[in-house]
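This report concerns only the one structure given below.
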Amino acid sequence: MKKLAFPLLFSLQCLYVFAQGHPNLKTVTREDDIRQDIESLLDSSNVHYFKGNYIKSLEFNVELLEKALKINDPKFTHQGYRLLGYDYLVLNDTVLARESFEKSSKYARITKNDTAIAQTSMDLANLYSEGYSNWNKALSYHDESIRLFKKIKDSSGLSKAHFNTILTCIEAGQVDKALIHLNESLKYKAFHNESVSIALLNQWGTVYRLKKEYERANTYFEKVILMAQDKGYPVELADAYKEYSESLFEQQRFQESFDNRKKYEQLLVENMSTLQNTESESVSAKFQLAEYKKDVALAEKENQLQQEIVNSKSRLNNILIVVSICGLIMFTGLWVAFRKRKQLVSQLKERNKKYLEAKFRSEHLAKAKSKFFSTVSHELRTPLYGVIGLSTILLEDESLQKHKKDLTSLKFSADYLLALINDVLQINKIDSNSLEDDITTFNIRDLVQSIASSFEYMRLQNKNEIHIEVSEEIPTLVNANSIRLSQILMNLVGNACKFTENGDIYIRVEALNVSQEKAKIRFSVRDTGIGISKNKQAHIFDEFAQVESLDYSYQGTGLGLPIVKKLLALSNSKIYLDSDKGKGSTFSFELDLEVSHEIKTKEDTALLDISLLKDKNILIAEDNRINQIVTQKILERNHMNCSIAQNGEEAVALAKENAFDLVLMDLNMPKMNGVNACIEIRKFNTTLPIIALTAVEVEEVRNEIQEAGMNDIIVKPYDVTLFLRTLLVNLGAKGLGVVNSNKRRVAI
């Protein structure tokens with residue numbers, strides 16, 4: 001006998017209860033003993049099925065079907081074949097299950113009952129889901145059953161149809177669709193019995209586990225475990241332990257996961273023992289005999305055939321012998337299949353164990369990789385801050401003009417190294433799914449114009465012209481991820497500027513389809529540069545790949561186009577390329593954006609008035625000597641007064657003794673780090689603006705610094721203009737009336 005996987009058992013038990021339906025036996029005109037027996041058999045079959053005793057369930061259903069055939073009642077015959085089909089389905093005999101469901105469908109059509117006909121669609125959905133794992137076909141039948149039940153306004157049927165659809169969606173991995181049907185099922189709580197209510201709670205937990213909302217999932221699993229234990233439902237209890245174990249494992253609560261997994265496996269052995277009972281073969285033979293008896297009963301109407309059966313005992317004996325032999329052969333075949341199944345299950349357990357070990361190692365390596373990139377980012381950006389800052393300061397020194405070329409080269413090299421670090425970190429963040437989808441309202445025309453302006457130096461250097469063409473149909477404001485769109489366009493425009501000399505670059509924005517709420521927009525960047533040969537186009541989106549040319553030598557990380565491709569994938573879009581060697585290139589992509597009807601006010605120009613910084617007292621909390629010098633020189637060049645603290649303890653002491661207008665707080669310092677120093681300062685001064693200085697990724701520290709009470713973040717190395725602007729914003733928050741002091745911004 002084939003040994004079923006336990007999740008399949010649970011699903012089929014849940015399907016079975018809805019196969020029972022609510023046969024209204026009281027509407028039958030003649031309530032004789034046989035019909036009362038049938039009603040009793042229905043209840044007994046249901047009880048034994050949910051207790052996991054499928055052999056007893058088979059026996060009751062065979063007896064039920066015999067009685068229904070005896071009184072020639074198509075309604076009960078339809079119901080009997082349905083229940084028998086679910087028995088065969090849980091025993092993994094899809095051939096007999098399919099035959100039973102087809103006979104059930106036949107008698108449903110005879111009854112001309114709309115509910116019975118709708119039930120047959122649900123039965124076929126369950127068959128293709130559990131018997132054949134054909135999810136698309138199963139979901140198609142589920143949709144049909146829901147449509148039919150809605151048509152006849154059968155709330156009871158709808159409750160069953162939605163429940164069965166939930167099970168199929170979860171098995172097919174369609175979590176969002178399962179959640180929709182779970183919410184629909186709440187409308188029909190009055191039609192759920194105790195076991196189904198418990199099963200639904202378990203499915204809520206499974207959906208939230210798959211959506212990685214572990215706290216909500218755990219709450220449901222713990223509730224199911226208590227209810228299943230109290231009410232005596234071993235199958236639901238075991239499934240809850242299994243799902244709870246998976247949830248705990250994904251949360252890295254490995255000991256608790258192991259304990260629940262152990263309980264699940266113990267229950268699995270107990271629940272599966274019923275399937276190993278060889279009595280099922282005899283019951284199957286009994287059903288075949290019942291089919292034969294049905295033919296005999298129908299043939300009794302013909303006197304000649306009845307007389308032949310009575311007088312031909314030897315022929316009957318021969319038939320019985322043949323049936324017995326067939327039963328023995330079937331038993332032998334099923335026993336061999338059972339042994340093979342047992343071996344396969346053992347192999348599967350071993351493979352699952354290896355998979356879990358590999359999964360644990362993979363997660364460990366992913367964490368190590370993330371930590372490595374974070375460390376490298378900090379260690380490289382910290383010295384780069386000094387190099388870029390000092391080179392910028394020296395370039396402004398009139399006495400060093402004869403070294404301007406060397407200093408320019410030094411700053412260029414540092415900027416290039418910083419771009420490489422940022423590109424590598426961007427690729428890592430995309431691959432690790434750690435990018436946030438930050439939706440803002442912005443003006444596409446202003447965004448494109450700003451991006452084009454940022455390449456003014458490169459445009460003049462390569463003697464190019466940049467043309468901007470924005471369709472009049474483009475909405476004024478849209479809601480989208482402006483940072484992501486800027487990164488995409490800047491990479492494409494940067495490539496166009498890099499590979500074009502004495503040429504033209506066109507940035508075109510076209511409206512493909514615009515409505516009141518949505519806009520489908522195509523962005524394209526075309527250049528008249530060196531172009532890309534056809535045999536190279538398939539590889540330019542690979543990481544660290546570069547366009548090669550005999551006439552030019554280009555520097556770059558080779559990460560710009562891979563970043564563009566991956567960022568567009570996050571927005572459900574693709575990048576398209578049209579290019580020929582020596583004829584330029586056109587990169588294009590399409591985005592579906594939400595139209596905004598907000599009125600955007602102009603930004604306060606007072607933020608750009610550097611004179612507002614004059615005579616401000618700034619405390620620099622920084623342990624790195626070079627970084628102290630760079631920051632101090634920038635502040636003093638803009639007429640500010642500076643004090644320096646070597647660590648967090650000094651910063652707290654100086655903030656107590658002096659009236660500073662603002663504090664620049666490095667996060668990583670000896671004795672006391674910047675976060676703890678900020679917490680101490682907030683104990684006696686809650687209004688002093690404190691800006692975090694960090695060389696690590698903003699997302700790694702954002703929550704920590706906000707909880708500590710810091711007002712803003714500046715990532716090192718930083719652009720001087722942006723640095724001064726951030727100071728203005730936060731000083732304005734204290735006394736200039738520009739920004740609310742409770743609003744925390746991030747300067748990147």
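The values are calculated or read from the model by the stated rules, or taken from the named source; none is laboratory data. Since we're looking at a predicted model, the values are computed, not measured. Neighbour counts are summed over all protein chains in view; Cβ atoms, including those assigned to glycine, are modelled from backbone coordinates with ideal geometry. These accessible areas exclude ligands, DNA and RNA; they are computed on the full protein's heavy atoms, side chains included. Shrake-Rupley method; radii C 1.70, N 1.55, O 1.52, S 1.80 Å.
Go through (1) closer than 25 Å to Ala337 by Cβ; (2) surrounded by fewer than 17 Cβ atoms within 10 Å (Cβ to Cβ); (3) of a type in the set (D, E, K, R) one by one and return the number of the condition Asp87 breaks.
(2)
How about the range 97-120: which of its residues are open to solvent by 60 Å² or more (accessible area, probe 1.4 Å) and part of a helix (DSSP H, G or I)?
Arg98, Glu99, Glu102, Lys103, Lys106, Arg109, Ile110, Asp114, Ile117
So which residues in the range 171-211 are of a type in the set (D, E, K, R) and surrounded by fewer than 22 Cβ atoms within 10 Å (Cβ to Cβ), if there are any at all? Give the derivation first.
Going residue by residue through the range 171-211, those that are of a type in the set (D, E, K, R) are 171, 176-177, 184, 187, 189, 194, 209, 211.
Hits for the range 171-211 are Glu171, Asp176, Lys177, Glu184, Lys187, Lys189, Glu194, Lys211.
Of the conditions (1) under 22 Å from Asn46 (Cα atoms); (2) part of a helix (DSSP H, G or I), Asn92 fails just one. Which one is it?
(2)
Could you please give the count of residues in the range 649-664 that are out of contact with any Pro (no Cβ under 8 Å at 6 or more places or on another chain) and in contact (Cβ under 8 Å) with a residue 24 or more places away in the chain?
Within the range 649-664, residues that are out of contact with any Pro (no Cβ under 8 Å at 6 or more places or on another chain) and in contact (Cβ under 8 Å) with a residue 24 or more places away in the chain number 11.
Just to be sure, is Asn703 of a type in the set (S, T, N, Q) and either buried (at least 21 other Cβ atoms within 10 Å of the Cβ) or under 26 Å from Val387 (Cα atoms) (or both)?
On the way: of a type in the set (S, T, N, Q): yes; either buried (at least 21 other Cβ atoms within 10 Å of the Cβ) or under 26 Å from Val387 (Cα atoms) (or both): no.
So Asn703 does not fit the description; no.
In the range 144-170, how many residues are surrounded by 17 or more Cβ atoms within 10 Å (Cβ to Cβ) and hydroxyl-bearing (Ser, Thr, Tyr)?
Count: 4.
If Arg637 satisfies every condition in (1) in contact with an Asp or Glu (Cβ under 9 Å, 6 or more places away or on another chain); (2) closer than 17 Å to Leu722 by Cβ; (3) buried (at least 16 other Cβ atoms within 10 Å of the Cβ) but one, which is the exception?
In the conditions (1) in contact with an Asp or Glu (Cβ under 9 Å, 6 or more places away or on another chain); (2) closer than 17 Å to Leu722 by Cβ; (3) buried (at least 16 other Cβ atoms within 10 Å of the Cβ), Arg637 misses (3) alone.
What number goes with the only condition from (1) over 30 Å from Gln255 (Cβ atoms); (2) modelled with pLDDT under 70; (3) surrounded by 12 or more Cβ atoms within 10 Å (Cβ to Cβ) that Leu320 does not pass?
With (1) over 30 Å from Gln255 (Cβ atoms); (2) modelled with pLDDT under 70; (3) surrounded by 12 or more Cβ atoms within 10 Å (Cβ to Cβ) applied to Leu320, the lone miss is (2).
What residue, among those in the range 572-600 that are among the hydroxyl-bearing types (Ser, Thr, Tyr) and closer than 27 Å to Gly531 by Cα, is most open to solvent (accessible area, probe 1.4 Å)?
Out of the qualifying residues, it is Tyr576.
When Ser105 is evaluated against the numbered criteria (1) closer than 18 Å to Lys75 by Cα; (2) free of Cβ contacts under 8 Å to residues at least 12 places away in the same chain; (3) of a type in the set (S, T, N, Q), which criterion, by number, is the only one it fails?
Here Ser105 clears every test but (2).
The rows are residues; the columns are (1) at pLDDT 85 or above; (2) of a type outside the set (Val, Ile, Thr); (3) under 19 Å from Val509 (Cα atoms).
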| residue | (1), (2), (3) |
| --- | --- |
| Leu568 | yes, yes, yes |
| Ser573 | yes, yes, yes |
| Glu590 | yes, yes, yes |
| Leu607 | no, yes, no |
| Asn617 | yes, yes, no |
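Any residue in the range 610-629 that is small (Gly, Ala, Ser) sitting within a Cβ distance under 6 Å of a residue that is crowded, with 19+ Cβ neighbours inside 10 Å? List the pairs, counting only those 6 or more apart or interchain.
Every condition considered, the pairs that remain are Ala621/Ala645; Ala621/Ala651; Ala621/Met665; Ala621/Asp666.
Considering only the range 135-143, I want to know if a residue exists there that is open to solvent by 30 Å² or more (accessible area, probe 1.4 Å), among the basic types (Lys, Arg), under 28 Å from the mean Cα position of the chain (by Cα) and under 30 Å from Arg209 (Cα atoms).
Checking the range 135-143: at least one residue is open to solvent by 30 Å² or more (accessible area, probe 1.4 Å), among the basic types (Lys, Arg), under 28 Å from the mean Cα position of the chain (by Cα) and under 30 Å from Arg209 (Cα atoms).
In the range 623-637, what residues are closer than 19 Å to Asn647 by Cα and either at pLDDT 90 or above or of a type outside the set (D, E, K, R) (or both)?
Across the range 623-637, the qualifying residues are Asn624, Ile626, Asn627, Gln628, Ile629, Val630, Thr631, Gln632.
Hey, can you tell me all the residues within the range 204-235 that are outside any helix (DSSP H, G or I) and on the phi < 0 side of the Ramachandran plot?
As a first pass, look at the range 204-235 and keep what is outside any helix (DSSP H, G or I): 211-213, 232-233.
Passing the criteria: Lys211, Glu213, Tyr233.
Lys153 versus (1) among the charged types (D, E, K, R); (2) over 23 Å from the mean Cα position of the chain (by Cα); (3) closer than 23 Å to Asn136 by Cβ: which is the lone unmet condition?
So the condition that Lys153 fails would be (3).
Each row is one residue, and each column tells you yes or no for (1) of a type in the set (Ser, Thr, Tyr); (2) touching a Gly at 6+ places or on another chain (Cβ under 7 Å).
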position: Gly157; (1), (2): no, no
position: Cys169; (1), (2): no, no
position: Leu186; (1), (2): no, no
position: Asn193; (1), (2): no, no
position: Trp204; (1), (2): no, no
position: Val235; (1), (2): no, yes
position: Lys242; (1), (2): no, no
position: Ser245; (1), (2): yes, no
position: Leu248; (1), (2): no, no
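Hey, any hits in the range 171-181 for a residue that's touching a Phe, Trp or Tyr at 6+ places or on another chain (Cβ under 8 Å) and among the aliphatic types (A, V, I, L, M)?
yes
Conditions first: (1) modelled with pLDDT of 80 or more; (2) crowded, with 19+ Cβ neighbours inside 10 Å. Pro74 passes all but one, so which condition is the exception?
Tallying (1) modelled with pLDDT of 80 or more; (2) crowded, with 19+ Cβ neighbours inside 10 Å, Pro74 fails exactly one: (2).
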